[in-house]
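K.L.:
Take a look at the following structure, please.
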Amino acid sequence: PDLENDIAQYYPDAVFLRDTNGHTLSQVKFYMNLRRGKKSFKNDCNFFLVASDNQVNTMHPGTGLYPFMLAAVGNKSDLAAVYYLLSRNPKLVGHGENKDSDGAGSSRKRQREDID
């Protein structure tokens, strides 16, 4: 049985509810399909084409990865999906750069401390 449709018939506003991370049901489903490798751009390009900007630009709360990253990892990585998702918002590349302990990016050299 399709419980999601049954619940939506009686509680249509439930679709707009957010979980503890602030994500809607459609965002969670989008992340899960990417993470499990269930959708590929070749076999189901409509899944990617109808994705909202909010789905494409929001980081997955559990993994800390953006959707294009989720499509790239694992045994079922999909280069066409990665390319499409990145083309929707290229600014996501380098958006979550790692910071050193002093808060500076890894491209900045640390100054030497004098040893006495």
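The values are calculated or read from the model by the stated rules, or taken from the named source; none is laboratory data. Since this is a predicted model, take the numbers as computed values, not measurements. Every residue, glycine as well, gets a Cβ built from its backbone with ideal geometry; the counts of neighbours run over all protein chains shown. For the accessible areas, the whole protein counts, side chains as well, though only heavy atoms, and no ligand, DNA or RNA atoms are used. Shrake-Rupley method; radii C 1.70, N 1.55, O 1.52, S 1.80 Å.
K.L.:
Give the residues of the stretch 36-71 that are more than 9 Å from the chain's Cα centre (by Cα), part of a helix (DSSP H, G or I) and closer than 23 Å to Gly94 by Cα, sorted by residue number.
P.N.:
Phe48, Asp53, Asn54
K.L.:
Does Ala72 count as hydrophobic (A, V, I, L, M, F, W, C), surrounded by 13 or more Cβ atoms within 10 Å (Cβ to Cβ) and touching a residue at least 12 places away in the same chain (Cβ under 8 Å)?
P.N.:
Considered against the rule, which asks whether it is hydrophobic (A, V, I, L, M, F, W, C), surrounded by 13 or more Cβ atoms within 10 Å (Cβ to Cβ) and touching a residue at least 12 places away in the same chain (Cβ under 8 Å), Ala72 comes out as no.
K.L.:
Can you name every residue in the stretch 15-32 that is part of a helix (DSSP H, G or I) and open to solvent by 40 Å² or more (accessible area, probe 1.4 Å)?
P.N.:
If the condition is that a residue be part of a helix (DSSP H, G or I) and open to solvent by 40 Å² or more (accessible area, probe 1.4 Å), then Val15, Phe16, Leu25, Ser26, Val28, Lys29, Met32 are the ones that fit.
K.L.:
Name the pairs: first residue in the stretch 25-53 and over 21 Å from Ala8 (Cβ atoms), second residue part of a helix (DSSP H, G or I) and open to solvent by 90 Å² or more (accessible area, probe 1.4 Å), Cβ to Cβ under 9 Å, at least 6 apart or on different chains?
P.N.:
Cβ pairs passing all conditions: Phe41/Leu79; Phe41/Tyr83.
K.L.:
Read through the list (1) at pLDDT 75 or above; (2) open to solvent by 40 Å² or more (accessible area, probe 1.4 Å), then give the number of the only condition that Phe48 fails.
P.N.:
Condition not satisfied by Phe48: (2).
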